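Q: Quick one: the structure is below, and I'll ask about it shortly.
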Amino acid sequence: MRNMTVEGNAGERNNGAQTVRRAGLHVPVLEDEVLSFFEPAPGFRCLDATLGLGGHSEALLRKARDAGVPDVQVLGVDRDAESLALAQIRLEAFAPAVHFRHSLFSECAGALADLGWDGADFVLADLGVSSLQLDCPERGFSMKADAPPDMRMDRSRGKSAADLINSLSARDLRGIIRDCGEEPLAGRIAGAISTARDEGRIRSARDLAGVVAGAYPPGRRAAARRHPAVRTFQALRMTVNDELDELRRFLRAATGLLRPGGRLLVIAFHSLEDRTVKHFFREQADGCRCPRDAPVCSCGLTATLRILTGKPVRPGASETAVNRRAASARLRVAERLGA
Ligand SMILES: C[S@@+](CC[C@H](N)C(=O)[O-])C[C@H]1O[C@@H](n2cnc3c(N)ncnc32)[C@H](O)[C@@H]1O
């Protein structure tokens, strides 16, 4: 188990604490709703698969502590080392009940095994990027950033969005923007990006956003409710971080880790993610995949999950009024079946 440590002298750590407080601007979404599915019992083992700034973990640990439930532990996983270091400062008051792991969430089974846990009672994934990542200009997630579009959640490995833009053909860019951004103007946008790139006009995320906006016909640009580059940025970010395949691998791994009665909660922020979670939950809740009129089951598959949220849970008006980022959040919850 690689427990993260926050490096640096006291002054730097103090800066870190201030950063956490500033980054505390990342308000955990649907916190009350998540807590309503958290019914801690002694010895509960929780996996926060997207620790981020530790907001949800803090809420879980506080609820368990306030309820006087002993020995509730949280394993916080994140692929972003910077977020982990800040979360570690935020959650200091709960040590030694919190463990940290720099890893992909699809590799959570190894992290649990390293702790000697034989399963988890509560697993949460709050997908996407944090405000810390979005608001840090040099990470190039934001359309306003005056830095190359990097967009890697883990800056220690992999290709950045700038690498993709500089290496892919217009045809491949079109496929990404169409499939991961569900962008109807993918062809025009990919063409505009590839021309601008060849002319050396994309030096920053802001330049990229401008090129995408310029590819929109003026009428559609004026009528759009969101910035015309939102879908293209989403598509590049999802590709850079392999987000949908990661999610599929995680859902399988997490279901395998849940103890009977354990709960899996996933908060999605766009329809591609939410659809992936919905279909996975349905598949696991249905079990047998034989044709309905088959006299006997020949597939041998049994249901592993019971769905607790028929429709996804959405934030209320009071939450979206104070946290715009929550507006597109959708929470789905399922419970592990078994004796
Ligand atoms: C929306 S933020 C989580 C915020 C957190 N719930 C809080 O309250 O502070 C999502 C976090 O998940 C991390 N993340 C996204 N995909 C991941 C993956 N495949 N494996 C591990 N971490 C991931 C991101 O780096 C980011 O820090």
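Q: Quick one: count up the residues across the stretch 143-186 that are assigned to a loop (DSSP other than H, G, I, E, B) and either under 18 Å from GLN234 (Cβ atoms) or not small (Gly, Ala, Ser) (or both).
A: Qualifying residue count, the stretch 143-186: 21.
Q: Follow-up. Could you check the stretch 81-114 and list, in sequence order, the residues that are under 25 Å from LEU305 (Cα atoms) and not polar (S, T, N, Q)?
A: If the condition is that a residue be under 25 Å from LEU305 (Cα atoms) and not polar (S, T, N, Q), then LEU104, PHE105, GLU107, CYS108, ALA109, GLY110, ALA111, LEU112, ALA113 are the ones that fit.
Q: List pairs: first in the stretch 96-121 and among the charged types (D, E, K, R), second within 13 Å of the ligand (Cβ to nearest atom) and outside any strand (DSSP E or B), Cβ under 6 Å, 6+ apart or cross-chain?
A: Once the first residue is among the charged types (D, E, K, R) and sits in the stretch 96-121, its partners that are within 13 Å of the ligand (Cβ to nearest atom) and outside any strand (DSSP E or B) give ARG101/ALA111.
Q: While we're on this one: Looking at the stretch 72-95 only, could you name the residues that are assigned to a loop (DSSP other than H, G, I, E, B), surrounded by 18 or more Cβ atoms within 10 Å (Cβ to Cβ) and either without any contact (Cβ under 8 Å) to a residue 24 or more places away in the chain or within 16 Å of the ligand (Cβ to nearest atom) (or both)?
A: Of everything in the stretch 72-95, those that are assigned to a loop (DSSP other than H, G, I, E, B), surrounded by 18 or more Cβ atoms within 10 Å (Cβ to Cβ) and either without any contact (Cβ under 8 Å) to a residue 24 or more places away in the chain or within 16 Å of the ligand (Cβ to nearest atom) (or both) turn out to be ARG79, ASP80, LEU91.
Q: Considering GLU138, GLU199, which residue is farther than 24 Å from ASP245 by Cα and within 16 Å of the ligand (Cβ to nearest atom)?
A: GLU138
Q: Out of everything in the stretch 240-262 that is away from the ligand (no atom under 15 Å from the Cβ) and surrounded by fewer than 22 Cβ atoms within 10 Å (Cβ to Cβ), what residue ends up being nearest to ARG325 (Cα to Cα)?
A: Ranking the qualifying residues of the stretch 240-262, first place goes to THR255.
Q: Being modelled with pLDDT of 95 or more, of a type outside the set (Asp, Glu) and either within 16 Å of the ligand (Cβ to nearest atom) or not assigned by TED's automatic domain parsing to the domain that holds LEU127 (or both): is that true of ALA285 here?
A: No, not satisfied.
Q: Among the listed residues VAL69, VAL29, identify the single one that is part of a loop (DSSP other than H, G, I, E, B), within 16 Å of the ligand (Cβ to nearest atom) and not basic (Lys, Arg).
A: Only one candidate passes the filter, namely VAL29.
Q: Can you tell me which residue among SER130, SER106 is buried (at least 16 other Cβ atoms within 10 Å of the Cβ), within 16 Å of the ligand (Cβ to nearest atom) and modelled with pLDDT under 95?
A: SER130 is the lone residue from the list that is buried (at least 16 other Cβ atoms within 10 Å of the Cβ), within 16 Å of the ligand (Cβ to nearest atom) and modelled with pLDDT under 95.
Q: Let me ask something additional. Examine the stretch 294-317 for a residue that is in a helix (DSSP H, G or I), in the same structural domain as LEU60 (by TED's automatic domain parsing) and at pLDDT 95 or above, and state whether such a residue exists.
A: Yes, the stretch 294-317 contains a residue that is in a helix (DSSP H, G or I), in the same structural domain as LEU60 (by TED's automatic domain parsing) and at pLDDT 95 or above.
Q: Select from the stretch 65-102 the residues that are of a type in the set (Asp, Glu) and closer than 17 Å to SER156 by Cβ and write down the one among them that is nearest to the chain's Cα centre (by Cα).
A: Filtering first and then ranking leaves ASP78.
Q: How many residues are within 16 Å of the ligand (Cβ to nearest atom) and under 21 Å from ALA120 (Cα atoms) if we restrict to the stretch 269-282?
A: Within the stretch 269-282, residues that are within 16 Å of the ligand (Cβ to nearest atom) and under 21 Å from ALA120 (Cα atoms) number 2.
Q: Here is a follow-up. Could you check the stretch 153-194 and list, in sequence order, the residues that are among the polar types (S, T, N, Q), exposed (fewer than 15 other Cβ atoms within 10 Å of the Cβ) and closer than 26 Å to LEU84 by Cβ?
A: Answer for the stretch 153-194, where residues must be among the polar types (S, T, N, Q), exposed (fewer than 15 other Cβ atoms within 10 Å of the Cβ) and closer than 26 Å to LEU84 by Cβ: just SER156.
Q: Let me ask something else. Which residue is surrounded by the fewest Cβ atoms within 10 Å (Cβ to Cβ), if the candidates are limited to the stretch 57-66 and must be free of Cβ contacts under 8 Å to residues at least 40 places away in the same chain and either assigned to a loop (DSSP other than H, G, I, E, B) or within 9 Å of the ligand (Cβ to nearest atom) (or both)?
A: Among those residues, the one meeting the criterion is ALA59.
The values are calculated or read from the model by the stated rules, or taken from the named source; none is laboratory data. Computed from a predicted structure; not experimentally measured. FYI the Cβ positions are ideal-geometry reconstructions off the backbone, even for glycines, and counts take in every protein chain you see.
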